[in-house]
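Student: Take this structure first; my questions come after.
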Amino acid sequence: MQAAVWGNQADLAFRMSVDAEGAAAGLVTGDSLLFWSLFDAPGPVHLVADNSAGELAADLVLVDHLLTTGRADRVVLHVKPTPYYVSDATPADVLGVLRHLIELAGEVGAIGRRVWDGLRAGRIEVRDHPFFCAPLDYRGMPYDLREEFASASVTIMKGDLNYRRLVGDRYWPPTTSFVDVTSYFPGPVVALRVLKSEVVVGLDEATAATLDKTGDAWRTSGSYALIQAARPV
């Protein structure tokens, strides 16, 4: 999960490895207990990818972990039919990253082969709905995509753009409830995101005040990340 979160730095050309101490320090909010509890429900896990290359490789590692640990019996990986931004993941990128992983030695290569076998067996499915290139937030998602997310045990949203589309692209007070602004979503949803834009919700007052006092551009620097989860009432 940490690799999938910090892999979202990829489109900023930051380093892709973060030690445990650095990862913990940079996490402005992290609801990992709720995150893992969502995988107890029946249904496929949906993962809406963001960037290709290194981030997509980290996402595939998370997909493999969910399948091999039994937290998911099927994963639907959503990518874009064409790049909305230059680094966005597409179906061709999934195959390209997988071929690269398979060629590597050790556990990385084993993960690549398991994911490849999962694709062939139908345990992993790649979809590229045109909505992911539409200039709309998730409140405006079409009925067929809404039905897919409603049937999921949990939907994992990766990255800054998906976060902005999920909570609404507004300058929210940072203490705004993540649960409230995502209450329209048809099923359990998780956001894994490095902060690269001014949109952020779900922080407690103490954390927001501490970050503001640093004088850093913490909302946009790409140095902080979050894990947020919500289960519909």
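The values are calculated or read from the model by the stated rules, or taken from the named source; none is laboratory data. Only a predicted model underlies this, so the values are computations on that prediction, with no experimental measurement involved. Neighbour counts run over all protein chains shown; Cβ positions are idealised from the backbone, glycine included. To get the accessible areas, we keep the full protein, side chains included, count just its heavy atoms, and leave off ligands, DNA and RNA. Shrake-Rupley method; radii C 1.70, N 1.55, O 1.52, S 1.80 Å.
Student: With an 8 Å Cα cut-off and a minimum separation of 6 or more residues, compute the relative contact order for segment 161-216 in percent.
Tutor: Computed value for segment 161-216: 46 percent relative contact order.
Student: Oh, and also: Counting Lys +1, Arg +1, Asp -1, Glu -1, what net charge surrounds GLY187 among other residues with beta carbon under 11 Å of its beta carbon?
Tutor: The answer is 0.
Student: Tell me the per residue accessible area of the chain using a 1.4 Å probe; a whole number in Å² is fine.
Tutor: Result: 45 Å² per residue.
Student: If the cut-off is 13 Å between C-alpha atoms, which aspartates and glutamates fall inside it for LYS158, apart from same-chain ones fewer than 8 positions away?
Tutor: ASP11, ASP50, GLU55, ASP59, ASP88
Student: After finding the eigenvalues of the alpha carbon gyration tensor for the chain, what semi-axes result from the square roots of 5 times each, listed largest first in whole Å?
Tutor: 26, 21, 17
Student: Can you give me the Kirkwood hydrodynamic radius for segment 133-177, using every pair of distinct Cα atoms, in Å to one decimal?
Tutor: 11.9 Å
Student: From zero up to wherever the largest Cα-Cα distance of segment 114-233 sits, split into 5 Å bins and tell me the percent of pairs in each.
Tutor: 2, 10, 18, 22, 17, 13, 9, 5, 3, 1, 0
Student: Right, next: Quick one: with all protein chains in place, what share of the accessible area of the chain is carbon or sulfur, to the nearest percent (1.4 Å probe)?
Tutor: Percent of accessible area from carbon and sulfur atoms in the chain: 55.
Student: While we're looking at this one, here's another question. 7 Å from Cα along Cα→Cβ at both ARG99 and ASP204: what's the point-to-point distance in nm?
Tutor: The modelled label-to-label distance comes out at 4.9 nm.
Student: Can I ask one more? At 222 nm, what value in deg cm²/dmol follows for the chain if DSSP H runs of at least 4 each add -39500 (n - 2.57) and the sum is divided by all its residues, to the nearest 500?
Tutor: Using -39500 (n - 2.57) per qualifying helix, the result is -11000 deg cm²/dmol.
Student: Looking at the chain, send over the antiparallel percent of its DSSP beta bridges, to the nearest 5.
Tutor: The answer is about 25 percent antiparallel.
Student: Would you calculate the volume per residue, in Å³, of the smallest convex hull containing every Cα atom of segment 172-233?
Tutor: Dividing the Cα hull volume of segment 172-233 by its residue count gives 79 Å³.
Student: Next up: Residue separation times 0.36 nm, minus the C-alpha to C-alpha distance between THR68 and THR220: what's the value?
Tutor: 51.2 nm
Student: Show me, bin by bin at 5 Å from 0, the whole-percent P(r) of segment 30-106 based on Cα pairs.
Tutor: Calculated P(r), rounded to whole percents: 3, 15, 22, 23, 18, 13, 7, 0.
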